């Protein structure tokens, strides 16, 4: 276990700062050699991954205390954020553990660390994986078809990884590189193997391509599929003040001595990521013809005075890569391409990867695309499928002039604070953009007297967030939206076809939301509910409208289904689509010492008095989320038949004592139950509830888990599914 107590580093990979990278690499090497504190003996792994890609983080309170000392929060930090960028995943204290479930994660390799109170960083002591350049990191792999090239090949079928040591004339010391040789490598083969020299990025080391980049797995799989020319790959240490001298005089010379590789430039390739991409481009520009194949993975530089004709003559392939606008190389790559075009230098561009930033997920994909093009005729020279053209730089408005959040047409969102946090030490924006709509934090960077962060691309839908300033939940005061029950939350909406039912309908075409005030005999006070009436609602209609009583959850209020659940938009869109029976929807205040009485003695009678709604149980529905779902189950069990349609969202059935299953079945037209996926903390209890209802013989409908956590993303989907089912069955 390696632990540090320090200000958290922002995860950025440098470009073109060779001396800084050298010093940083040396510091990390020293840190790796420092004796670490004794590892905590954990009874169970802190991280486990199930077959569906859900990851459970669990640290016992005792282990957490002995590891971090006194603290107020723990997060798992890793490449969990949008575009696979660095983000923080919070753990919650439940019983004797700090725990949470994330997912489902996309297949691939994940790297992470645990951090308490922003400064206390620790490696997972229960995970034997390691990253030499990042001693606090551990890794885990989520298998899946889309990550097939990153998976281990069957034992004995892959190539070999060896360590090559050599004397550096640049650093005047012993240095090392990793070398991959292909399956069946023949040191005595008459025809030498072509060779790829593959470089790491700033702050990294020669082991990173294997420990984080999955280079061995990529080479092994491409070879077994016949998509890669047999070659030797040398992964050298680029943390030196003179990379070209180190490469040509030391790494190349030693590799030629130790391995059966070609000396011909036509059979030599050079590529690197970030700083390594800068180094590869610099070598191409300053020593054209040394390497016939050159790749730059999010590594760019300005074009110096060059001999374009000589570069073109000596280069079979120059291919450039970049991630989306969150990639620090995005604008630099655009400028370089303009310069290359002006100079007449031939190159290929893989296009902008719209779903990746400046991270290993992107660079793995770059390597997978680049290697099959080496030393053979490539099938095409165009961008990868789904990649986009790079037509201009991405420029944000000056600080202080941007509405927040500022949303681009391609769904990237920039958050900016006011100047009130200029003295803060650590600021994050925490919102529902993890898989399924779970909450995850993204670090903000200081820009003058403000803090900024750009994330994305986010999925279309309704998003909510808050700022965390030095571990204090804080409202983004620049955003005028509000959530009554959560004063520090703000919201925004990203349009898109998949979120159409959550969007506002055209002005004047939707229903009406009104407030209904009443005196509560249970609370002994004035209370309020929201009421949605459908377009064309007629208070004098001969046939009363059916009525749907819709309840909120714990810690919430009658306002939440409107402010967070998008109930008006859902009901409006369903109605206009012809999917909704004209009805009145009453959203009451469920914060009551006796909700059943509050509902039956207050909310229902007042609704009957104020609105033209039916008192026939067959024309009444009741549903609720979380606590409201539990209250709904209670009403169902104690007053079966009062509401013919019942829906529960993320709630358990509770006790079976005294339940009259026959009365429930006889008086209920539809009982439909919902729960989120395993990230919903009530999921285990809910599944037990199904067994209870089965044993009692209660008829219900369950279509399987709703993708999403114990949160509004799932509950919105539940309402979208449930509302059209009402008052349409016999």
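Reported count of residues in the stretch 307-336, each being farther than 19 Å from residue 292 by Cα and over 20 Å from the mean Cα position of the chain (by Cα), is 8. Scanning the stretch 558-574 for residues that are surrounded by 21 or more Cβ atoms within 10 Å (Cβ to Cβ) and part of a loop (DSSP other than H, G, I, E, B) turns up 558, 564, 565, 566. Tell me which residues, restricted to the stretch 329-359, are part of a helix (DSSP H, G or I) and under 19 Å from residue 457 (Cβ atoms). Within the stretch 329-359, 330, 331, 333, 334 meet the criteria. For the stretch 59-76, the tally of residues that are crowded, with 19+ Cβ neighbours inside 10 Å and within 26 Å of residue 472 (Cβ to Cβ) stands at 7.
Collect the residues in the stretch 220-231 that are surrounded by fewer than 15 Cβ atoms within 10 Å (Cβ to Cβ) and either in contact with a strand residue (DSSP E or B) (Cβ under 8 Å, 6 or more places away or on another chain) or in contact (Cβ under 8 Å) with a residue 60 or more places away in the chain (or both), keeping them in residue-number order. Scanning the stretch 220-231 gives a single hit, 227. Taking the stretch 31-50 as the search range and keeping residues that are part of a loop (DSSP other than H, G, I, E, B) and modelled with pLDDT of 95 or more, which one is surrounded by the fewest Cβ atoms within 10 Å (Cβ to Cβ)? Result: 50.
Filtering the stretch 635-654 to residues that are over 15 Å from residue 686 (Cβ atoms) and either surrounded by fewer than 18 Cβ atoms within 10 Å (Cβ to Cβ) or not assigned by TED's automatic domain parsing to the domain that holds residue 622 (or both) leaves 638, 639, 641. The condition (being under 24 Å from residue 334 (Cβ atoms) and in contact (Cβ under 8 Å) with a residue 12 or more places away in the chain) is satisfied by just one residue among 260, 312: 312. Number of residues in the stretch 490-508 that are surrounded by fewer than 12 Cβ atoms within 10 Å (Cβ to Cβ) and part of a loop (DSSP other than H, G, I, E, B) equals 3.
Kindly evaluate residue 114 against the criterion of being assigned to a strand (DSSP E or B), crowded, with 20+ Cβ neighbours inside 10 Å and under 21 Å from the mean Cα position of the chain (by Cα). Yes, satisfied. Inside the stretch 452-479, residues that are in contact with a strand residue (DSSP E or B) (Cβ under 8 Å, 6 or more places away or on another chain) and part of a loop (DSSP other than H, G, I, E, B) make up a count of 9. Based on what the data block shows, is residue 708 touching a strand residue (DSSP E or B) at 6+ places or on another chain (Cβ under 8 Å), in the same structural domain as residue 571 (by TED's automatic domain parsing) and outside any loop (DSSP other than H, G, I, E, B)? When the stated conditions are applied, residue 708 does not pass them. Mind listing whichever residues of the stretch 711-730 are touching a strand residue (DSSP E or B) at 6+ places or on another chain (Cβ under 9 Å), under 23 Å from residue 613 (Cβ atoms) and assigned to a loop (DSSP other than H, G, I, E, B)? Answer for the stretch 711-730, where residues must be touching a strand residue (DSSP E or B) at 6+ places or on another chain (Cβ under 9 Å), under 23 Å from residue 613 (Cβ atoms) and assigned to a loop (DSSP other than H, G, I, E, B): 726, 727, 729. Within the span defined as the stretch 93-101, one or more residues are out of contact with any helix residue (DSSP H, G or I) (no Cβ under 8 Å at 6 or more places or on another chain) and either outside any strand (DSSP E or B) or at pLDDT below 95 (or both). Against the test of being in a loop (DSSP other than H, G, I, E, B), within 30 Å of residue 594 (Cβ to Cβ) and assigned by TED's automatic domain parsing to the domain that holds residue 642, the options 483, 522 yield a single qualifying residue, 522. On inspection, residue 554 qualifies as closer than 23 Å to residue 489 by Cβ and assigned by TED's automatic domain parsing to the domain that holds residue 721. Being touching a helix residue (DSSP H, G or I) at 6+ places or on another chain (Cβ under 6 Å), surrounded by fewer than 20 Cβ atoms within 10 Å (Cβ to Cβ) and in the same structural domain as residue 166 (by TED's automatic domain parsing) holds for only one residue in 306, 212, 234, and it is 306.
Which condition from (1) over 28 Å from residue 560 (Cβ atoms); (2) surrounded by fewer than 19 Cβ atoms within 10 Å (Cβ to Cβ) is the one that residue 459 breaks? Result: residue 459 fails condition (1) only.
Select from the stretch 591-615 the residues that are in contact with a helix residue (DSSP H, G or I) (Cβ under 8 Å, 6 or more places away or on another chain) and assigned to a loop (DSSP other than H, G, I, E, B) and write down the one among them that is surrounded by the fewest Cβ atoms within 10 Å (Cβ to Cβ). The residue in question is 615.
The values are calculated or read from the model by the stated rules, or taken from the named source; none is laboratory data. What you are looking at is a predicted structure, and each value in this text was computed from that prediction instead of being measured. Cβ sites come from the backbone with ideal geometry, for glycine too, and all protein chains shown count toward neighbours.
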